[in-house]
1. Counting only helical runs of four or more DSSP H residues, what would the 222 nm mean residue ellipticity of the chain come to if each run contributes -39,500 (n - 2.57) and the total is spread over all its residues?
2. How do MET182, MET59, MET358 rank by accessible surface area computed with a 1.4 Å probe, from largest to smallest?
3. Sort LYS428, LYS345 from largest to smallest accessible area, using a 1.4 Å probe on the heavy atoms of the protein chains.
4. Can you order the peptides 399-405, 271-277, 154-160 by their average number of other Cβ atoms within 10 Å per residue, highest first?
5. Give or take rounding to whole Å, what are the principal axis extents of the alpha carbon atoms in the stretch 125-204, in descending order?
6. Sequence-distant or interchain residues sharing an amide H contact under 5 Å with ILE316, placed H: which?
7. Could you compute how much accessible surface THR15 exposes when probed at 1.4 Å, giving the result in Å² to the nearest 10?
8. How many percent of the accessible area of the chain is carbon or sulfur, using a 1.4 Å probe?
Amino acid sequence: MKIAIIGTGYVGLTTGTCLAEFGHEVVCIDNDLEKLEKLKAGQSPIFEPGLEDLIKKNMAGGRLTFSAEIGSAVKESEIIFICVNTPPKADGHADLKYVEGVARQIAQAINGDYKVIVDKSTVPVKTAEKVRETILRYSVSEAKFDVISNPEFLREGTAVKDTMEPDRVVIGSNSQRATDKMLEAYKPLIDKTKVPVKIVSVRSAELIKHGANTFLATKISFANLIAETCEQAGADALEVLEAIGLDDRIGRQFLKPGIGFGGSCFPKDIAAYKKTLEILGIDNSLVEAVERINKRSAERFLQKIEKELWVLDGKIIGVLGLAFKSDTDDIRNAPALKIIESLKKEGAKIKAYDPQAMANTKKILTDIEYLENPYQAAEKAEALIICTEWDEFKNLDLNKIKELMTTPTIFDGRNIFDPAKAKELGFKYFGVGR
Ligand code: NAD
Ligand code: UGA
């Protein structure tokens, strides 16, 4: 099948590459020319395990191309995936200007052939109806098309695996013709993995996405609430949460307490869902509490640092981890950056290290020191803080770290070390909820 992807970011690039791997002929469109140059040279503009190899393989196989030309891609493709960004507006609602812009461009290019327009970007309920109206309003010739919703559930850091082995495929469609086309596109995946396919209404699909992200964020905030309780009551949050999660009805995943969730999606998607509830006249205090606890998680971590180190002015603090989670170079809403900003305001000198995210961080934080490895970041530091759970940090030689530091103190925002072991080695150790 001929497929166009519009918006070649984390979602568009991974989806397009995997659809090419399934055997389809895919063209990925973007208006960022620098990004396109890299892609045309076979380089991935993002760090995502396994992605670059897959891009190269499918380019070499002639199934994957990159272009800025939206018009011909729309004309030649049977399915057009919209994968552009949907950032938050000042009031928290999703800013749909990029989705609308693409809908208008599709309208200009659409010809007499039937097209399935797929909204894969995360959007509020009823957006597909607006996309449809927009295409009708701006189309220049008779347009035969359906707009459907196919939400994406991949995580950064495991995007390829999540796309090749998803938990479910959701197709929100009110048209049998469009559903059949989507089932044809996903047939190689369905045959190979026997993945459950949920065919639902368009509005349900849109709500499934906001619902899933809000539920996952709620689990994390619940874990952080338990962590706070454990710190006050003298219990261990990891013991408590592990035992809670062993109940199959609850599950163990997404119950890790820490410095709060970040990234380009949870913060914006729960804000958008909160706004949707407000618009629909529904009490949104549950979502508000999730946001409040998340904010407090980073603040409480900072308070621990300030309480222990007292005056921060002039003190050297090593920061391990800048990315919002491990296995990515994405720093959008990374808790580490907010923590660094607060420490800098108090006059602390920051020495930072991250295995992948330093190049992106250098573009926005110029007045901190970037080091080549974790040991250099620990040198002469009065405290070492862990902001991202990279495997590389879990296997550090803590004896060596201790020798390098001025005062061996660890603030472990991701609970990667065993508190008893760290104390035994002579560190002052502060985890989350322990
Ligand atoms: P991104 O910012 O990485 O990529 C979006 C791309 O769209 C950019 O490359 C941008 O240049 C391009 N673009 C914007 N307007 C365009 C236009 N008119 N024509 C051509 N290209 C255009 O965003 P992302 O992280 O891939 O997220 C995309 C959507 O998918 C969002 O709605 C997001 O919420 C959702 N989502 C993201 C993830 C994730 O892990 N990142 C997972 C699931 C869903
Ligand atoms: C999340 C969802 O997991 C995906 O299913 C979804 O498709 C995506 O958002 C999206 O809509 O964009 P992602 O943001 O890539 O994926 O990463 P997660 O693994 O969910 O982590 C998000 C944040 O929560 C990170 O800062 C992570 O450190 C934090 N987290 C996660 C915790 O603090 N505790 C946990 O137990 C799990």
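1. Taking each H run of at least 4 residues, the total per residue is -14500 deg cm²/dmol.
2. The most accessible residue leads, giving MET59, MET358, MET182.
3. Putting LYS428, LYS345 in descending order of accessible area: LYS345, LYS428.
4. Peptide ranking by packing, descending: 271-277, 154-160, 399-405.
5. Rounded to whole Å, the extents work out to 40, 25, 22 Å.
6. When sequence neighbours closer than 5 places are left aside, the close amide H contacts are LYS349, GLU382.
7. Looks like 10 Å² after rounding.
8. Carbon-and-sulfur percentage of accessible area, whole number: 51.
The values are calculated or read from the model by the stated rules, or taken from the named source; none is laboratory data. Remember, it's a predicted structure, so these values are computed and weren't measured experimentally. Neighbour counts run over all protein chains shown; Cβ positions are idealised from the backbone, glycine included. Accessible surface areas use protein heavy atoms only, side chains included; no ligands, DNA or RNA. Shrake-Rupley method; radii C 1.70, N 1.55, O 1.52, S 1.80 Å.
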